[in-house]
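Read the structure below first, then the notes.
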Amino acid sequence: MIENLKQASPYHSKIVKVGDTMILVVFGAPGVGKGTQAELLSQRKGIPHLSTGAALRQAITEGTELGKTAKSYVEAGRLVPDEIVTGIVRETLAGAEYTQGCILDGFPRTRSQAEALDEILRETNREIDCVINVDVDGDEIVQRMLKRGRQDDTEEIIRERLAIYNASTMPLLEYYKERGKLCTIDGNAEIEEVYERISSVMQNSL
Ligand code: ADP
């Protein structure tokens, strides 16, 4: 089922588009396949992709100062402090290749991050076009993550990440719904089918 709340929204007419800039947020619980979909969208639509999780994992692997600070949070399945993650996003979005837009994956995850993102975009006369909420059943999520086998994908850490998602991130659905930005798609399907669902929601939000 595709639910495009934006079409019915009174905020719709207020969306200001500058050139072909497209700012998309791929949103959902850990393990719903945000990263896979964000990567496909980026490749096929030619919009650069920013995954805060991937950026943090890379910093950890490289042993940078950022990586050293982030390591304990990521390994425990906790959120890295807002100012650190917001700093990564601010810096990245200032880069030349991002003037044409961005697909954000794993950000924002808290109310403070969502407000910071609005502010960062406002400073450059941009705003979010669409928040695509990928909705997947709870049991399926845990199965997908256990298959993925990343270091922070043990059952205990997955439980912690889901609890944090429910407490801190899920309330953002209301934030974006109120602002007419939210599009929810059913993510209980194969990768290509989910991609098609997202793609058609994107057409509607242009
Ligand atoms: P998933 O969505 O499957 O949890 P991610 O790659 O998006 O995977 O995130 C992995 C970890 O990176 C998170 O558990 C958290 O520790 C950290 N992280 C990623 N994005 C953020 C963010 N926006 N704010 C705080 N921490 C983050």
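The values are calculated or read from the model by the stated rules, or taken from the named source; none is laboratory data. No experiment lies behind these values; they were computed from the predicted model shown. Here the Cβ positions follow ideal geometry from the backbone for every residue, glycine too, while neighbour counts run over all protein chains shown.
Couple of notes before you dig in:
- Ala70 vs. criteria assigned to a helix (DSSP H, G or I) and in contact with a Leu (Cβ under 6 Å, 6 or more places away or on another chain): yes
- Qualifying residue in segment 77-93 (condition: more than 10 Å from the ligand (Cβ to nearest atom), of a type in the set (Asp, Glu) and surrounded by 13 or more Cβ atoms within 10 Å (Cβ to Cβ)): no
- When Glu123, Glu97 are checked against the criterion of being in contact (Cβ under 8 Å) with a residue 24 or more places away in the chain and surrounded by fewer than 13 Cβ atoms within 10 Å (Cβ to Cβ), a single residue qualifies: Glu97.
- Highlighted here are the helices (runs of 4 or more DSSP H) found entirely within segment 105-198 that include at least 3 residues which are at pLDDT 95 or above and more than 14 Å from the chain's Cα centre (by Cα): 111-123, 172-178.
- Restricting the first member to segment 78-92 and to residues that are farther than 16 Å from Ile103 by Cα and small (Gly, Ala, Ser), and the second to residues that are part of a loop (DSSP other than H, G, I, E, B) and near the ligand (Cβ under 10 Å from one of its atoms), no beta-carbon pair is closer than 6 Å while six or more apart or on different chains.
- Residues of segment 38-76 satisfying the condition of being hydroxyl-bearing (Ser, Thr, Tyr), within 10 Å of the ligand (Cβ to nearest atom) and either over 19 Å from Leu104 (Cα atoms) or surrounded by fewer than 13 Cβ atoms within 10 Å (Cβ to Cβ) (or both): Ser72, Tyr73
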